[in-house]
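Okay, so here's the structure we're looking at.
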Amino acid sequence: MDIKKLMADLEVKHPGEKEFLQAVKEVLISIEDVYNQHPEFEKAKIIERLVEPERIITFRVPWVDDNGEVQVNIGYRVQFNSAIGPYKGGIRFHSSVNLSILKFLGFEQTFKNSLTTLPMGGGKGGSDFSPKGKSDAEVMRFCQAFMNELYRYIGPEVDVPAGDIGVGAREIGYLFGQYKKLTRDWSGVLTGKGLEFGGSLVRPEATGFGGLYFVNHMLDTKGIDIKGKTVAISGFGNVAWGAATKATQLGAKVITISGPDGYILDEAGLNEEKIAYMLELRSSGNDICAPYAEKFPGSKFFAGKKPWEVKCDIALPCATQNELNGDDAKKLIANGVTCVGEISNMGCTPEAIDAFLDAKLLFAPGKAVNAGGVATSGLEMSQNAGHISWTAEEVDSRLHGIMEGIHNACVKYGTQSDGYVNYVKGANVAGFMKVANAMLAQGIV
């Protein structure tokens, strides 16, 4: 494999798609050795096929706001790879959404879904529409307009979208309702649904819960007990809420949350009341975390800053891509951080990842750490297909087992000669091998 040539060719084909190119390069570097041991992969041009989505659908989304004005957004669905199952991946509604971000997410999703061992391919979609500041009626009209086009390309055995940033239970409900009206088909075509109409228990918490299960397994390899450890978390949405909840249940002390406006430092640690308030903040639609400091005296708000300057034992990015950079990594390392887990997708820049690996810290990438969300979506698909509903305990037990399996796969493929576990390499190789072998078996398609 000639990584330089592959990346040069991709940059010509996809100029300016920095997030997508970053994600591809990280994987190629990790899998280079194992790929070169399989000449059959080279002959079948597995990599050249794997880095190109099978299909990209773009469409306009016209809708009418509360003032009667016509608005037009862009809708996307990137169906990246279906070698091991129907396309599976979230829908993101945010003003930052573009094709590069969705391709990077779909590419990452392919390997993440492979790691879960469930039969799910990789996909991602969304729109540059932002629910922030919109009324429920406007969000409903947009979701209906979005589904008016998307429904043609999805189905329970074809492509099963889920939620993501800007797409929570409210949006999934509107999307599902319109899909059902258009197709007259009640099936598990969307995950993250309400419990009243086919949703799974534990799904809202699953990404954060799974992330902490994975982190705990990482700590166990070093004989470290999570109890009493300080945890810095970014974000204050569903993912951060789930992570804060499980970290606190496991006996750790969560001392930060953050938003686009800055971060909160709460040295007393989050408790049940404070964690519940995170959901209130998110549901307000204001996308700011500053009110937390007003509600809970003793906490402090730092405007325009990120939580990575805080001294902590464990750092968990839970917000968005590239939110933790090389300078942030240096601060964390200098402050004695022990473990970093990306619960957001590609939460760390390449410079940050290199710094953590060079320091031989416990560090694991999003495709492994945050796979609990899509794993539980897969469990929701299974429940829908069987017309059954599992208890919270059963779903949580299955989730824990899946995260343990992902951790074991990372250790298997990522353990170096000196005993250090490179979780980045382990996750990429484990995810790649399953997809590559499936593609090889299915011929040149």
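The values are calculated or read from the model by the stated rules, or taken from the named source; none is laboratory data. Because the structure is predicted, anything quoted here is derived from the model rather than measured. As a convention, Cβ positions derive from the backbone with ideal geometry for all residues, glycine included, and neighbour counts pool all protein chains shown. Ligands, DNA and RNA are stripped out before the accessible areas are found, and what is left, the full protein with its side chains, is counted by its heavy atoms. Shrake-Rupley method; radii C 1.70, N 1.55, O 1.52, S 1.80 Å.
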Share, in percent, of DSSP beta bridges within the chain that are antiparallel, nearest 5 | 55 percent
Most mobile of Ile224, Ile154, Ile91 in a GNM of the chain (Cα contacts under 10 Å) = Ile224
Using modelled backbone amide H atoms (1.01 Å from N, in-plane), which distant-in-sequence or interchain residues come within less than 5 Å of Arg55's amide H?
-> Gln79
When all C-alpha to C-alpha distances in region 228-292 are sorted into bins of 10 Å, what percent of pairs does each bin hold, rounded to whole numbers?
-> 24, 61, 14, 1
From highest to lowest solvent-accessible area (probe 1.4 Å; ligands, DNA and RNA excluded), Arg55, Arg49, Arg77 read Arg55, Arg49, Arg77
Relative to the Cα centre, what is the charge dipole magnitude of region 295-377, using +1 at the beta carbon of each Lys and Arg, -1 at the beta carbon of each Asp and Glu, and rounding to the nearest 20 debye?
-> 340 debye
Å² of accessible area per residue within the chain, as computed with a 1.4 Å probe and no ligands counted = 40 Å²
When the chain is treated as a GNM, springs tying every alpha-carbon pair under 10 Å, which of Pro291, Pro260, Pro131 comes out with the largest mean-square fluctuation?
-> Pro291
Would you mind telling me the share, in percent, of accessible area of region 1-111 contributed by carbon and sulfur at probe 1.4 angstrom?
-> 51 percent
Rounded accessible area of Ser100 (nearest 10 Å², 1.4 Å probe) | 10 Å²
Give the distance, in whole Å, between the Cα centre of region 271-306 and the Cα centre of region 352-427.
-> 29 Å
If the chain between Asp354 and Ser95 were fully stretched, how many nm would it gain, using 0.36 nm times the residue separation less the Cα-Cα distance?
-> 90.3 nm
DSSP beta bridges in region 28-186: the antiparallel percent, rounded to 5, is 65 percent
Which order do the peptides 57-65, 7-15, 107-115 take when ranked by the mean count of other beta-carbon atoms within 10 Å per residue, highest first?
-> 107-115, 57-65, 7-15
Once the Cβ-Cβ distance between Glu280 and Ser382 is put in as r, and R0 is 22 Å, what FRET efficiency do you end up with, to the nearest 0.05?
-> 0.10
Overall form of the chain per C-alpha gyration tensor (a/c, 1.5; a/b vs b/c) = rounded
Which residue, Phe129, Phe197, Phe209, tops the fluctuation ranking in a GNM of the chain built on C-alpha contacts under 10 Å?
-> Phe197
Determine how large the accessible area of Trp186 is when every protein chain is in place; take a 1.4 Å probe and give Å² rounded to the nearest 10.
-> 120 Å²
Members of Lys412/Lys434; Lys246/Lys274; Lys5/Lys43; Lys331/Lys412; Lys227/Lys412; Lys132/Lys181 lying beyond 21 Å, as alpha-carbon distances in this model show = Lys331/Lys412; Lys227/Lys412; Lys132/Lys181
For the residue pair Glu267 and Tyr420, what label-to-label distance in nm results when each label sits 7 Å from Cα along the Cα-to-beta-carbon direction?
-> 3.3 nm
Under 5 Å, built H, 5+ apart or other chain: amide partners of Met120 = none
Would you work out the relative contact order for region 236-304, in percent, from Cα pairs under 8 angstrom that are 6 or more residues apart?
-> 37 percent
Can you tell me the FRET efficiency between Asn67 and Ala290 if r is taken as the Cβ-Cβ distance and R0 is 22 Å, rounded to the nearest 0.05?
-> 0.15
